[in-house]
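The values are calculated or read from the model by the stated rules, or taken from the named source; none is laboratory data. Fair warning: this is a prediction, and the values are worked out from it, not measured in the lab. Neighbour counts run over all protein chains shown; Cβ positions are idealised from the backbone, glycine included. Areas reflect the complete protein model, heavy atoms only, side chains present, ligands, DNA and RNA absent. Shrake-Rupley method; radii C 1.70, N 1.55, O 1.52, S 1.80 Å.
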Amino acid sequence: MNEKEFWSLISKMHIVEEPYEWVISHLARQSDEVIVGFEIQFETAFTKAYNSNLLGAAWIIMGGCSEDSFAHFRGWLIGQGEQVYKKTLNNPDYLAEYIFPIYEEEGLSPELEEMLDLALQAYSIKQKGDDDWDDKLWNEFNSLVESKGYKYPELQLSIDWKSNDELKNKFPKLWKRFGQKPLG
């Protein structure tokens, strides 16, 4: 699966009911190579979004951000589709315009943990008929991914801001919308 096919699949999530189940079901009917390709494309986008600017944006939007929350935030960002993802990587302040008011109205956070293991769940369903956690299957899946030349990176993040004032100056639109009233 190449990048174009990956983003096409992500865009289809927006027009189906139960999008995560749909992606898992779709992938489970594909070859192992396609499932692994999806994982590599997802991880590539996920890793690219692991940067100080996006962490700063998430910090403002949610009033702080743990490592898990940042992972879920990056999953949410990928789930928004290629255009939003790329615009946000270029300018995280864009999220002040993008995030719908319903997030405030419903007390929602821009986090999607469900995005993080779609390929593994599809592989599991294909191999054994369910998505119950299985250490052996997880190791097998990771070996398949790495056999395609992808190495899961060990990520270290250097934060390039030291205070809320710096974040306020760096992301004025986000600060105006969420600085005093964060989501979640």
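Residue-wise test of (1) touching a residue at least 40 places away in the same chain (Cβ under 8 Å); (2) farther than 19 Å from SER52 by Cα.
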position: GLN127; (1), (2): no, yes
position: TRP133; (1), (2): no, yes
position: GLU140; (1), (2): no, yes
position: LEU144; (1), (2): yes, yes
position: GLY149; (1), (2): no, yes
position: PRO153; (1), (2): yes, no
position: SER158; (1), (2): yes, no
position: LYS170; (1), (2): yes, no
position: LEU174; (1), (2): yes, no
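Given the criterion under 30 Å from LYS176 (Cα atoms), modelled with pLDDT under 95 and not hydrophobic (A, V, I, L, M, F, W, C), identify the matching residue among GLY107, GLY75.
GLY107
Is region 93-101 home to any residue that is over 19 Å from PHE178 (Cβ atoms) and either surrounded by fewer than 17 Cβ atoms within 10 Å (Cβ to Cβ) or at pLDDT 95 or above (or both)?
no
Among the residues of region 92-102, what is the count of those that are assigned to a helix (DSSP H, G or I) and not acidic (Asp, Glu)?
Count: 6.
Please name all residue pairs, on different chains or six or more residues apart, with Cβ atoms under 7 Å, provided the first residue is in region 93-112 and is farther than 17 Å from PHE171 by Cβ and the second residue is open to solvent by less than 30 Å² (accessible area, probe 1.4 Å) and among the aromatic types (Phe, Trp, Tyr).
GLU111/PHE73; GLU111/TRP76; LEU112/TRP76
Which of the helices (runs of 4 or more DSSP H) found entirely inside region 109-184 contain at least 3 residues meeting this: open to solvent by less than 60 Å² (accessible area, probe 1.4 Å)?
118-128, 135-147, 172-178
So which residues in region 1-24 are over 15 Å from MET115 (Cβ atoms), open to solvent by 60 Å² or more (accessible area, probe 1.4 Å) and part of a helix (DSSP H, G or I)?
Matches in region 1-24: GLU3, LYS4, GLU5, ILE15.
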